[in-house]
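Take a look at the structure set out below.
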Amino acid sequence: MASTERGQAALTRLHAEAAHCRECPLGARATQTVWGEGAPSASLMLVGEQPGDQEDLQGRPFVGPSGRLLGQALAQLGWDREMLYVTNAVKHFKFELRGKRRIHKTPGQREAAACLHWLDSEIAAVRPDAILALGRVAARSVMGREVSVMRTRGQWQWRDDGLPVLVTLHPSALLRGDAAEREAAFASWMEDLSRAAHPPGPGGPAA
C-alpha cells in the first residue's frame, strides 16, 4: 500500500475512534469531534488551538471567521489548502453560554493534554516535513513545553523528534486586535507564514 493510502487509512480509523472520545469533559458538551482534514501525506501540517462555534457545527477545522482569514492568507501565498493538512490541538469546542451565544474559552492544559495523543497520531500518520503552530495552545501541544509565541514567532524550532516547527499567531488574535493596526498585523503575520514555505531540515536532539 502506498504511503498516501496508508496515511489516509490511518486517519480515517483515528477519526472514527476520536468521534467517541470522552477523555475530558469537552466531548460531552460539543456537537461533535472536529478532526483534521487535507492531504494525508502533506509536507506541511497546520495546527490550530481548538474548534470554534462554526467548526463545531460543521465538523471541519478553520471554517469560521478565523478560517476565512487563514484562507485569505493561503490565497495570497498561493497555497492550496487541499495540499496541506489542517487540524487543531484540541478536538472539541470549549465554550461558555451567554444567553443563546456560545462564547469561545481557551482550552486548559489538562484538556490539551487529554487530546495530545490524537494530535501525535495525526502527525505520525501524515508524517509532514514541518508543522506550522498557530497560537500558544497549538505551540505547547506540538512542542511539548510552554512556548512564548510573541518571542518566537516566525522562527524555526525543533521538536524532540527533530521535526521543524514554525510558531506564529492564531488568526483569531488578529481578529481580536486593534482594527486600526490590523493591516500591519496581517502583513507581519504573512511574513511569518511565508517562512513555512521553506522549512529547514530535521534538527534538534533527534538529528
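With the checklist (1) farther than 22 Å from ALA42 by Cβ; (2) surrounded by fewer than 20 Cβ atoms within 10 Å (Cβ to Cβ); (3) not hydroxyl-bearing (Ser, Thr, Tyr) in hand, flag the one item PRO200 doesn't pass.
Result: PRO200 fails condition (1) only.
When segment 135-174 is examined, which residues are found to be surrounded by fewer than 17 Cβ atoms within 10 Å (Cβ to Cβ), assigned to a loop (DSSP other than H, G, I, E, B) and of a type in the set (Lys, Arg)?
ARG145
Could you please tell me which pairs satisfy a Cβ distance under 7 Å, a separation of 6+ or placement on different chains, a first residue in segment 1-23 that is at negative phi, and a second residue that is assigned to a helix (DSSP H, G or I) and loosely packed, with under 14 Cβ neighbours inside 10 Å?
Cβ pairs passing all conditions: ARG22/ALA28.
Exactly one of (1) charged (D, E, K, R); (2) surrounded by fewer than 22 Cβ atoms within 10 Å (Cβ to Cβ); (3) closer than 19 Å to PRO171 by Cα is unmet by ASP56. Its number?
(2) is the only condition that ASP56 fails.
Which residues, taken from segment 2-46, are assigned to a helix (DSSP H, G or I), closer than 18 Å to PRO107 by Cα and either touching a Ser or Thr at 6+ places or on another chain (Cβ under 9 Å) or open to solvent by less than 70 Å² (accessible area, probe 1.4 Å) (or both)?
Within segment 2-46, ALA18, LEU26, GLY27 qualify.
Would you check if there is a residue in segment 71-85 being surrounded by fewer than 18 Cβ atoms within 10 Å (Cβ to Cβ) and farther than 27 Å from PRO200 by Cα?
No, segment 71-85 contains no residue that is surrounded by fewer than 18 Cβ atoms within 10 Å (Cβ to Cβ) and farther than 27 Å from PRO200 by Cα.
Is it the case that some residue within segment 187-196 is free of Cβ contacts under 8 Å to residues at least 40 places away in the same chain and either surrounded by 14 or more Cβ atoms within 10 Å (Cβ to Cβ) or touching a Leu at 6+ places or on another chain (Cβ under 6 Å) (or both)?
Yes, segment 187-196 contains at least one residue that is free of Cβ contacts under 8 Å to residues at least 40 places away in the same chain and either surrounded by 14 or more Cβ atoms within 10 Å (Cβ to Cβ) or touching a Leu at 6+ places or on another chain (Cβ under 6 Å) (or both).
The values are calculated or read from the model by the stated rules, or taken from the named source; none is laboratory data. As the structure is a prediction and not an experimental result, all values here were calculated from the model. Using ideal geometry, Cβ is built from the backbone for each residue, glycine included, and neighbour counts are taken over all protein chains shown. Note: areas computed on protein heavy atoms with side chains; ligands, DNA, RNA excluded. Shrake-Rupley method; radii C 1.70, N 1.55, O 1.52, S 1.80 Å.
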